[in-house]
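Data block below; observations after.
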Amino acid sequence: MTTKPDYKKYGFIPQRQKGFLIMRIRNRAGNLPASSLCKIADLAERFGSGEVHITVRQGIEIPNVKEELFEKAHQAILEAGLLAAVCGPRVRPVMACPGNNTCPYGLLNTQILAEKLDMQYVGRDLPAKTKFAVCGCANACTKPQTHDVGFRGASEPIISHEQCVKCGGCVRRCPAKAMTIENKALVIDYDKCLSCGVCMQVCPKQALKTGRLGYHIYVGGKGGRYTNDGVVIAKFVQEEEVLSYLNAILVVYEELAEKGQRLYAVLSKFGAQVIQEKVEKLRSVISSN
């Protein structure tokens with residue numbers, strides 16, 4: 001009996017119709033050069049039914065690929081200079097918003113971080129499928145809180161009381177209603193603050209300055225039938241420190257997880273505090289070596 005290839009490892013998944021596969025192609029940080037669109041169209045015509053589907057996680061699917069064409073189709077992806085997606089129990093393609101490259105709300109360059117994550121982690125085998133998402137602000141367009149590990153851009157507002165004229169513009173525009181004027185002074189309730197940066201954008205006197213700037217890191221999120229919001233285990237992490245956090249998170253995940261168990265289940269079993277302490281301890285060991 002002939003053993004079928006591990007289709008999912010190469011970005012192909014069995015289709016509902018017997019004998020057919022869905023061919024998945026990934027991008028980096030949600031971007032593709034225009035020339036790649038022509039190549040994808042060619043693959044869809046040659047191996048599929050001429051149709052292309054864009055997934056909710058920014059991936060590209062070509063349906064109706066005959067199973068017997070798997071090897072030729074996979075080789076054609078490589079020859080076209082495209083990136084085959086990955087499925088199964090491993091790190092999936094990274095989802096990212098445009099960040100401050102083009103988005104008026106973007107606080108950080110999400111594209112740089114997402115490309116680093118893609119190049120270093122996508123395809124890595126883990127106990128279960130593992131998804132990353134990067135977003136540049138509190139709008140959370142890529143839903144980092146519902147991914148196994150999510151990164152959300154955050155900017156901490158700091159008040160320069162000497163420059164503040166108490167006009168109340170920031171108070172009115174604050175999405176979280178975290179700002180008030182008390183005893184003729186502007187006050188920020190940091191427990192409510194989303195670190196979204198809106199107040200700094202609208203201040204006419206530039207009396208609100210950027211304090212800490214970086215990524216809030218979520219762990220243990222999940223979409224699907226039974227959703228789960230991840231917990232924040234670190235705040236305002238600078239880009240150059242993100243990978244050390246992620247490395248530690250994945251090591252702890254592999255240590256504690258059973259086969260097929262996603263991060264949300266590990267978090268539920270051991271608790272956020274245990275995970276956070278293990279991650280910080282591991283980062284300290286790595287930093288000292």
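Consider I25 against the criteria (1) in a helix (DSSP H, G or I); (2) among the hydrophobic types (A, V, I, L, M, F, W, C); (3) touching a helix residue (DSSP H, G or I) at 6+ places or on another chain (Cβ under 9 Å): it satisfies all of them except one. Which criterion is unmet?
(1)
Would you check which residues across region 215-252 are on the phi > 0 side of the Ramachandran plot and modelled with pLDDT of 95 or more and list them?
G220, F236 - these are the residues of region 215-252 that are on the phi > 0 side of the Ramachandran plot and modelled with pLDDT of 95 or more.
Would you check which residues across region 59-103 are in a helix (DSSP H, G or I) and either under 18 Å from V149 (Cα atoms) or within 21 Å of the chain's Cα centre (by Cα) (or both) and list them?
Residues satisfying the conditions are G99, N100, N101.
Whether any residue in region 42-50 is on the phi > 0 side of the Ramachandran plot, outside any loop (DSSP other than H, G, I, E, B) and either in contact with a helix residue (DSSP H, G or I) (Cβ under 8 Å, 6 or more places away or on another chain) or hydroxyl-bearing (S, T, Y) (or both) is what I want to check.
Checked region 42-50: no residue is on the phi > 0 side of the Ramachandran plot, outside any loop (DSSP other than H, G, I, E, B) and either in contact with a helix residue (DSSP H, G or I) (Cβ under 8 Å, 6 or more places away or on another chain) or hydroxyl-bearing (S, T, Y) (or both).
Which one of A133, A176, A128 is assigned to a loop (DSSP other than H, G, I, E, B), at pLDDT 95 or above, under 30 Å from F12 (Cβ atoms) and aliphatic (A, V, I, L, M)?
Residue meeting the stated conditions: A128.
Please find, among V52, V91, the residue that is free of Cβ contacts under 8 Å to residues at least 24 places away in the same chain, surrounded by 14 or more Cβ atoms within 10 Å (Cβ to Cβ), of a type in the set (V, I, T) and closer than 24 Å to E115 by Cβ.
V52
Scan region 201-223 residue by residue and report those that are buried (at least 18 other Cβ atoms within 10 Å of the Cβ), in contact with a Cys (Cβ under 8 Å, 6 or more places away or on another chain) and among the aliphatic types (A, V, I, L, M).
A207, L208 - these are the residues of region 201-223 that are buried (at least 18 other Cβ atoms within 10 Å of the Cβ), in contact with a Cys (Cβ under 8 Å, 6 or more places away or on another chain) and among the aliphatic types (A, V, I, L, M).
Only one of (1) aliphatic (A, V, I, L, M); (2) free of Cβ contacts under 8 Å to residues at least 60 places away in the same chain; (3) surrounded by 12 or more Cβ atoms within 10 Å (Cβ to Cβ) is not met by I25, so which one is it?
For I25, the exception is condition (2).
Going through G197, G260, G230 one at a time, which residue ends up being of a type outside the set (S, T, Y), in the same structural domain as L113 (by TED's automatic domain parsing) and surrounded by 13 or more Cβ atoms within 10 Å (Cβ to Cβ)?
Going through G197, G260, G230 in turn, just one is of a type outside the set (S, T, Y), in the same structural domain as L113 (by TED's automatic domain parsing) and surrounded by 13 or more Cβ atoms within 10 Å (Cβ to Cβ): G230.
Somewhere in region 113-133, is a residue within 18 Å of the chain's Cα centre (by Cα), touching a residue at least 60 places away in the same chain (Cβ under 8 Å) and over 30 Å from D6 (Cα atoms)?
no
Give N100, N109 a once-over and let me know the one that is touching a helix residue (DSSP H, G or I) at 6+ places or on another chain (Cβ under 6 Å), in the same structural domain as D148 (by TED's automatic domain parsing) and not hydroxyl-bearing (S, T, Y).
N109
Would region 241-256 turn up any residue that is surrounded by fewer than 17 Cβ atoms within 10 Å (Cβ to Cβ), closer than 21 Å to L113 by Cα and among the charged types (D, E, K, R)?
yes
The values are calculated or read from the model by the stated rules, or taken from the named source; none is laboratory data. As the structure is a computational prediction, the values presented were derived from the model and not from experiment. Here the Cβ is made from the backbone with ideal geometry for all residues, glycine too, and neighbour counts use every protein chain on show.
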